[in-house]
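Q: Here's a structure for you.
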Amino acid sequence: MAEVVFDQASRIYTPGAKPAVDKLDLTVTDGELVVLVGPSGSGKSTALRMLAGLEPIDAGSVRIDGRDVVNVPSKDRDIAMVFQNYALYPAKTVRDNMAFPLKMRGMDKAEQAKRVADAAELLGLTEYLDRKPKALSGGQRQRVAMGRAIVREPRVFLMDEPLSNLDAKMRVQTRSQIAQLQNRLAVSTVYVTHDQVEAMTMGDRVAVLRDGQLQQYATPSELYDRPVNAFVAGFIGSPAMNLLDLPRSGDGVLLGGVEIPLSREIRDAVGSAQTVTVGVRPEDVAVDSEGSGAGIKAVVDVVEELGSESYLYAHLIDSDGRDDEATTLVVRGPGRTTVRYGETIAVRVDAGAVHAFDPSSGLRVA
C-alpha cells in the first residue's frame, strides 16, 4: 500500500490567473479513504488528476510512498482511476471489460477469473458478466468501470464522482460497498465528490476545498462539530447550518427580538464587536409545539416531511410583529408533523450549541 502526499502542489491553467489548485498540503495515510469535497470549481477534480498524472504540476510536488511522481507517467504510478463518465469497450462483455487490465499484465487466467468474479459479486454484476455494455443501464455500466479498477488491486485508488450516474438507492448501496471494499483491501483511496453527505458517510477524513484552496482537513465529526470557518459550516450538514449576522445585546445576540445568550468563551473572543455571525444547526432549534410562549416567532414557508423527522423552512417575525423575510431559519421538527405552510411557530435556540464566526473574515472565533 502507499502514503500519498500533496506538498504545496499547485496547478495554474493560465499564467497570471488564479490557480485552479493553490499550494495544496494534504497527506493520505497508508490505507486511508480520503474524500475531496467542495462546490463546482473548487479544484477537487484537478487535484485528483494531478495525482493521477493527467494534469501537470506547476509548483510543489506530489509523492506516492515517498516517491516524487511529478515527472512519472500515469502508467508507472500503480494507480487505478474511476472517472465520472465510464469508458467501456462496446465489443467486449462485462467479464472481458473487467479482466482487460489483468490480461494486459499477463496475469494467469485462473487468477483473472477469480478477481473478476469477486468484484462482480461485490458490485452486484454477477448475472451481467456475459452481457455487453449496450445491454446495461448507465448505473450498471458505471459499476463495471469500478470493477475494472477494483480487480487491479493497485497501491492507490482514485475515484472521480463514480456514483453520479446511479439512482438514489443504488448510490447508497454502492457507496457502502466501496467503503467495505476499501476497508477489506486497506488501499489508500482518494475520492472526489460534490455531495457532502457522500463525503461524510464514506471518508476517514474529508478535505473541504473552495476556489482551489484547502479550507479544512479533518474527520467527519470534527468538520461537523467544529468547522473552522463559515464556509465549511454552511457546506457541511444537510440541511445546512443556519448562519445569521446578528447584533450584540448584553451578554448575547438578538434574533427576532429575543436575546440568545453567548458563552463567556464567545464573548471574550468577539470582544467589543457589535455584530457576530452566529451559526446554529437545524437540530439545535426546538419548536414550541403550542406555537406560543416567549420563543422566536417565525412563519413556515416550506415543510419537508421525511417520515422519522421533518424540516421546517421559515422566515422570522421581527420584534414589531412584521415579517422579516430576509432572515430565515431551518428547524428540524418531529416526524409526521402537523405544522403546515403559512403557520406561525415559536422556536428556541439551544444557546450551548451556538457557533460563532467573524463577520468579516468568516473565521471561527469560538
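Q: With charges only on Cβ, +1 for K and R and -1 for D and E, what is the dipole size of region 263-357 about its Cα centre, in debye, rounded to 20? Mind dumping the intermediate values first?
A: Values: 9 positive and 17 negative charges, 40 e Å.
Approximately 200 debye in magnitude.
Q: Let me ask something else. Tell me, how many Å apart are the Cα centres for region 317-366 and for region 11-90?
A: Each part reduced to its Cα centre gives a spacing of 40 Å.
Q: Divide by every residue of the chain the summed helix terms, -39500 (n - 2.57) for each DSSP H run of at least 4, and state the resulting mean residue ellipticity at 222 nm, rounded to the nearest 500 deg cm²/dmol. Walk me through the intermediate numbers first.
A: Numbers: 9 runs with 92 residues, N = 366.
Using -39500 (n - 2.57) per qualifying helix, the result is -7500 deg cm²/dmol.
Q: Among the lysines, select those whose C-alpha is under 16 Å from the C-alpha of residue 18, and discard any that sit fewer than 8 residues away in the same chain.
A: 44
Q: Could you give the alpha-carbon Rg of region 1-115 over 2.2 N^0.38 Å, rounded to two decimals?
A: Details: Rg = 16.8 Å, N = 115, 2.2 N^0.38 = 13.4 Å.
In units of the 2.2 N^0.38 Å rule of thumb, it is 1.26.
Q: Starting at the first residue of region 17-26, write each ³J(HN,Hα) from the Karplus equation 6.51 cos²θ - 1.76 cosθ + 1.60 with θ = phi - 60°, in whole Hz, x for Gly and Pro.
A: 8, 5, x, 6, 10, 10, 6, 6, 10, 7
Q: Moving on to the next point. Looking at 326, 99, 13, which one has the Cα that reaches farthest to the positive end of the dipole of the chain (charges on Cβ: Lys, Arg +1; Asp, Glu -1)?
A: 99
Q: Taking the Cα atoms of region 290-357, what is the range of coordinates along each of the three principal axes, in descending order and whole Å?
A: The Cα atoms of region 290-357 stretch 33, 28, 23 Å along their principal axes.
Q: For the chain, which whole percent of the accessible surface, found with a 1.4 angstrom probe, sits on carbon and sulfur atoms?
A: Numbers: 7930 of 16960 Å².
Ligands and nucleic acids excluded, carbon and sulfur give 47 percent.
Q: Say the cut-off is 27 Å between C-alpha atoms; which of 132/169; 92/114; 109/132; 23/103; 103/134; 134/169 go over it? List each step's numbers first, then the result.
A: Working: 132/169 24 Å; 92/114 18 Å; 109/132 20 Å; 23/103 39 Å; 103/134 22 Å; 134/169 22 Å.
Over 27 Å Cα-Cα: 23/103.
Q: I'd like to know which of 345, 316, 69 lies farthest towards the positive end of the charge dipole of the chain, counting +1 on Cβ of Lys and Arg and -1 on Cβ of Asp and Glu.
A: The residue sitting farthest along the positive end of the dipole is 69.
Q: Another question, if that's okay. Given H placed on each backbone N at 1.01 Å, which residues far from residue 258 in sequence or on other chains put an amide H within less than 5 Å of it?
A: none
Q: Using only the alpha-carbon atoms, how far is helix 94-105 inclined from the longest principal axis of the chain? Give it as 0 to 90 degrees, nearest 10.
A: Between helix and principal axis, roughly 60 degrees.
Q: Okay, moving on. Counting pairs of alpha carbon atoms under 8 Å apart in space and at least six apart in sequence, what relative contact order in percent does the chain give?
A: Working: 781 pairs, mean separation 58.0, N = 366.
In percent, rounded to a whole number, it is 16.
Q: Note the per residue figure in Å³ for the convex hull of the C-alpha positions in region 144-274. Each step should come with its number before you reach the end.
A: On the way: hull volume 19.8 nm³, N = 131.
Expressed per residue, the convex hull around the Cα atoms of region 144-274 is 151 Å³.
Q: Next question. Just reorder 131, 184 by solvent-accessible area, largest first, 1.4 Å probe, all chains present.
A: Listed by decreasing accessible area, they come as 184, 131.
Q: Rounding to the nearest 10 and keeping the result within 0 to 90°, find how far the Cα-based axis of helix 168-185 lies from the longest principal axis of the chain.
A: Long axis of 168-185 versus the principal axis of the chain: about 60 degrees.
Q: Dipole size in debye (nearest 20) for the chain around its Cα centre, Lys and Arg Cβ +1, Asp and Glu Cβ -1? Can you show the working numbers first?
A: Values: 42 positive and 50 negative charges, 405 e Å.
I would put it at about 1940 debye.
Q: For region 237-245, just list the computed ³J(HN,Hα) in residue order, Karplus coefficients 6.51, -1.76 and 1.60, θ = phi - 60°, integers in Hz, with x standing in for Gly and Pro.
A: So the Karplus estimates, Gly and Pro as x, are x, 9, x, 5, 4, 6, 10, 9, 8 Hz.
Q: Between region 100-119 and region 178-227, what's the alpha-carbon centroid distance in Å?
A: One Cα centre to the other: 31 Å.
Q: Can you list the residues, at least 5 places off or on another chain, whose amide H is less than 5 Å from the amide H of residue 81, using H built in the peptide plane?
A: So residue 81 has HN proximity to 158.
Q: In addition: Sort 159, 104 from largest to smallest accessible area, using a 1.4 Å probe on the heavy atoms of the protein chains.
A: Numbers: 159 5, 104 135 Å².
Output order, biggest surface exposure first: 104, 159.
Q: What ³J(HN,Hα) values, in whole Hz, does the Karplus curve 6.51 cos²θ - 1.76 cosθ + 1.60 give for region 304-319 when θ = phi - 60°, with x put for Gly and Pro?
A: Values per residue, Gly and Pro as x: 9, 9, 10, x, 6, 8, 9, 10, 10, 9, 9, 10, 7, 10, 6, 5 Hz.
The values are calculated or read from the model by the stated rules, or taken from the named source; none is laboratory data. In this text the structure is predicted, and so the values were computed from the model without any measurement. Using ideal geometry, Cβ is built from the backbone for each residue, glycine included, and neighbour counts are taken over all protein chains shown. Protein only, heavy atoms only, side chains kept; ligands, DNA and RNA dropped before computing areas. Shrake-Rupley method; radii C 1.70, N 1.55, O 1.52, S 1.80 Å.
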